[in-house]
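*Asks:* Please see the structure below; I have some questions.
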Amino acid sequence: MSLPSHVRLVEVGPRDGLQNEAQPISVADKVRLVDALSAAGVGYIEVGSFVSPKWVPQMAGSAEVFAHIQRKPGVTYAALAPNLRGFEDALAAGVKEVAVFAAASEAFSQRNINCSISQSLERFVPIMAAAKQQGISVRGYVSCVLGCPYEGQVAPEQVAAVARELYAMGCYEVSLGDTIGTGTAGATRRLFEVVGAQIPREKLAGHFHDTYGQAVANIYASLLEGINVFDSSIAGLGGCPYAKGASGNVATEDVVYLLDGLGIHTGINLEALIGAGLQISSVLGRPTGSRVAKARNAG
């Protein structure tokens, strides 16, 4: 299969990346990050999450962040809304697109959100109905698609069953997440073969963590399977509090470098992106997780 000419990147750093940080991050710093990302040409940014601050304290200021960002025309500013209350809060903040998530592993679902996969899907029914009524797009995530910290291997058929449910409910796109980063290029191709037989490939996205250093290879494998949407995180921010040892998402800078090298259009300026990543890394007081940014700024 030939490579796609264009790839859409979904920037998850401000939400998935920052939500696991122990230190408080100011609303102003979050706003600065989102604005820097949109200035670099990022067309889709997951800005925050409307979830109980008791569970994810770092996302408590999401409504304030939405109120202060400079919204650029043509850019999607999305939020995670795990339940109807979260959806209503997102709507009040002027969010035009939300995301919901389910796991492909029963054990992970129980440990992460204290319910079974089928129960988690049932929670989305009222969200989907409300979103349809309000004209809000909903994107679906499936976690643990290439391995689970509690169950080990996860069958591609199980991933396909969960993804199919989300797609049938009305999610316009389903992102398949390698939460613990154990996936390999071969397993990734097999996953998209199986899931792609049940859901059109243009409705699927890849979300890879770089725990084992395989994320860029897995993205290339996905491109060979006709996938042209990928989630990534500026400076490689993030991890998973429920997956021991799971390092951050793949760095957006590294993905753009790969795609630029393949002649695939993203509309993103790599130098501006590197600047945004260095800025938020400085706020966090640690080096960037992007290998490209480190290489460009060595010495």
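*Asks:* Hey, among the residues in region 283-296 that are part of a helix (DSSP H, G or I) and among the charged types (D, E, K, R), which one's most open to solvent (accessible area, probe 1.4 Å)? Let's see the steps before the verdict.
*Replies:* Here is the first cut: in region 283-296, the ones part of a helix (DSSP H, G or I) are 283-284, 291-296.
Checking the rest, the ones that are also among the charged types (D, E, K, R) come to 291, 294, 296.
On the way: 291: 156, 294: 106, 296: 114 Å².
Residue satisfying both the conditions and the ranking: 291.
*Asks:* Restricting to region 255-277, and then to whatever is part of a loop (DSSP other than H, G, I, E, B) and more than 18 Å from the chain's Cα centre (by Cα), can you tell me which residue is nearest to residue 39 (Cα to Cα)? Outline the logic, then answer.
*Replies:* Taking region 255-277 first, the residues part of a loop (DSSP other than H, G, I, E, B) are 262-264, 266-269.
Keeping just the survivors that are more than 18 Å from the chain's Cα centre (by Cα) gives 262-264, 267, 269.
Details: 262: 23, 263: 22, 264: 20, 267: 11, 269: 9 Å.
Out of the qualifying residues, it is 269.
*Asks:* Still on this structure, I have one more. Please go through (1) in a helix (DSSP H, G or I); (2) at pLDDT 95 or above; (3) over 29 Å from residue 261 (Cβ atoms) for residue 217 and return the number of the only condition it doesn't satisfy.
*Replies:* (3)
*Asks:* Okay, moving on. Residue 48 versus (1) open to solvent by 10 Å² or more (accessible area, probe 1.4 Å); (2) under 18 Å from residue 249 (Cα atoms); (3) without any contact (Cβ under 8 Å) to a residue 60 or more places away in the chain: which is the lone unmet condition?
*Replies:* Evaluating residue 48 over (1) open to solvent by 10 Å² or more (accessible area, probe 1.4 Å); (2) under 18 Å from residue 249 (Cα atoms); (3) without any contact (Cβ under 8 Å) to a residue 60 or more places away in the chain leaves (1) as the failure.
*Asks:* Then there's this: Do you know which residues across region 165-199 are more than 14 Å from residue 102 (Cβ to Cβ), open to solvent by 50 Å² or more (accessible area, probe 1.4 Å) and out of contact with any Leu (no Cβ under 9 Å at 6 or more places or on another chain)?
*Replies:* 172, 186, 190, 193, 197, 198
*Asks:* What about residue 189, is it basic (Lys, Arg) and closer than 25 Å to residue 132 by Cβ?
*Replies:* Details: basic (Lys, Arg): yes; closer than 25 Å to residue 132 by Cβ: no.
No: the conditions fail for residue 189.
*Asks:* Here's something else I'd like to know. Does residue 280 satisfy the criteria of being touching a helix residue (DSSP H, G or I) at 6+ places or on another chain (Cβ under 6 Å) and not in a helix (DSSP H, G or I)?
*Replies:* Values: touching a helix residue (DSSP H, G or I) at 6+ places or on another chain (Cβ under 6 Å): yes; not in a helix (DSSP H, G or I): no.
No, not satisfied.
*Asks:* Sort out which residues of region 1-29 are open to solvent by less than 10 Å² (accessible area, probe 1.4 Å), closer than 19 Å to residue 280 by Cα and among the β-branched types (Val, Ile, Thr), and write them in order of number.
*Replies:* The answer is 10, 12.
The values are calculated or read from the model by the stated rules, or taken from the named source; none is laboratory data. Everything quoted here is computed from the prediction, not taken from an experiment. Glycine also receives a Cβ, built like all others from the backbone with ideal geometry; neighbour counts cover every protein chain displayed. These area figures cover heavy atoms from the full protein model, side chains too; ligands, DNA and RNA do not enter into them. Shrake-Rupley method; radii C 1.70, N 1.55, O 1.52, S 1.80 Å.
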